[in-house]
1. If I filter the stretch 16-39 down to residues being surrounded by 11 or more Cβ atoms within 10 Å (Cβ to Cβ) and at pLDDT below 80, which single residue comes out as farthest from A111 (Cα to Cα)?
2. With a cut-off of at least 2 residues that are among the β-branched types (V, I, T), name the helices (runs of 4 or more DSSP H) lying wholly within the stretch 10-75.
Amino acid sequence: MQRDLRTEFLTLHEFVAAARLKLDANGWDYLVGGAETETTLRRNRHALDTIALRPRVLRDVSDIDATASFLSKSSRLPVLLAPAAASQDQFRDYAERGNVFTQCVQALRRAA
């Protein structure tokens, strides 16, 4: 009996995890690794990206409650800011970035 991969794997992460379990270390390293121009690696990535997998998100969203509490404040739509990515080049060092971020969070808390 042939397996139906369209229903067995619903996310790319599940597919990759199953492949990792099936392969020995050398096979896995060969599959996910690249050499020289990494043409094969790019082609493999493209082939996986073209597989349309059915996401498991947004199923029966008729009764969703995302309420969360942060800093003793409750919010129906919680959003947490984090200093990341390109913000690091806007400050002298990580300590300054952390201090500014802390001040922003405290200002948001006072405004809530």
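1. The selected residue is Y30.
2. It comes to 39-49.
The values are calculated or read from the model by the stated rules, or taken from the named source; none is laboratory data. Note that this is a predicted model, so its numbers are computed, not measured. Glycine gets a Cβ as well: all are built from the backbone with ideal geometry, and neighbour counts include every protein chain shown.
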